[in-house]
1. Per-residue ellipticity at 222 nm for the chain, helices alone: DSSP H runs ≥ 4 residues times -39500 (n - 2.57), over residue total, nearest 500 deg cm²/dmol?
2. What percent does the relative contact order of the range 2-155 come to when contacts are Cα pairs within less than 8 Å and at least six residues apart?
3. Taking the Cα centre of the range 2-155 as origin and charging only Cβ (+1 Lys, Arg; -1 Asp, Glu), how large is the dipole, in debye to the nearest 20?
4. Ranked by Cβ crowding within 10 angstrom, fewest neighbours first, how are Glu137, Glu58 ordered?
5. Between Ser102 and Ser23, what FRET efficiency comes out of the Förster formula 1/(1 + (r/R0)^6) with R0 = 30 Å and r the beta carbon distance, rounded to 0.05?
6. Please work out the FRET efficiency for the pair Ile119 and Leu8, using the Cβ-Cβ distance as r and a Förster radius of 25 Å; give the result to the nearest 0.05.
7. Which listed residue (Met63, Ser148, Phe113) has the Cα farthest towards the positive end of the charge dipole for the chain, taking +1 on Lys and Arg C-beta and -1 on Asp and Glu C-beta about the Cα centre?
8. May I ask you to list the lysines whose Cα is less than 22 Å away from that of Lys123, ignoring any residue fewer than eight positions away on the same chain?
Amino acid sequence: MRRFQDVLLLIGQLNYTWTNTESLLIHMIAGLAQSDKETAIVIFLTLNTPRARIDLVERLAKMQKTPADCRADILDSTRRLSEEAKLRNKYNHCIYSFDPDSGRGLTQSMRIFEGRDDIKYGKIEELDDQEIERIRESIRSLIRINQSFWSITEKYGFPK
């Protein structure tokens, strides 16, 4: 039971770190769109998926008026954030099961994988020590991405 609680705390930390980092896209939107923070918040909240928010920031960064060094810094950070989204999505869109006797944990995907002639769903994966370390590394990576967004905000004078 203790391992189950530890995993749930870790998933909670992953979600907290993700949400905290994703919210920094508000500063990127404000700076790139040359708007105030309040307007950027409305834009951010209007886009209802992380992918849409990241796409907007990347498209704004790719505009001609964005200085090349700023573009490179932002695109590097958003690409890293997109990579971390995969693991975060996995753990937000699955069912968890734990064996109270062995402590063995499993996840079952809530996605459909469609082939040419069939469908598959409910992929089951073990929550072993290696997978738990992947989650911990993702949290560490999100913290570094968070710091890079704050650095960009400072470096380019984006609204805080």
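Bear in mind that the values in this text are calculations on the coordinates, not laboratory data. Predicted model only: the values in this text are computed from it and were never measured. Here the Cβ positions follow ideal geometry from the backbone for every residue, glycine too, while neighbour counts run over all protein chains shown.
1. Working: 6 runs with 103 residues, N = 160.
Mean residue ellipticity, 222 nm, calculated: -21500 deg cm²/dmol.
2. Working: 152 pairs, mean separation 43.8, N = 154.
With pairs under 8 Å counted, the relative contact order is 28 percent.
3. Details: 24 positive and 24 negative charges, 83 e Å.
The dipole of the range 2-155 has a size of about 400 debye.
4. Working: Glu137 12, Glu58 17.
So the residues, fewest neighbours to most, are Glu137, Glu58.
5. On the way: r = 38 Å, r/R0 = 1.28.
With R0 = 30 Å, the Cβ-Cβ based efficiency is 0.20.
6. Numbers: r = 30 Å, r/R0 = 1.20.
Computed FRET efficiency for Ile119 and Leu8 comes out at 0.25.
7. In the chain, that residue is Met63.
8. Lys86, Lys90
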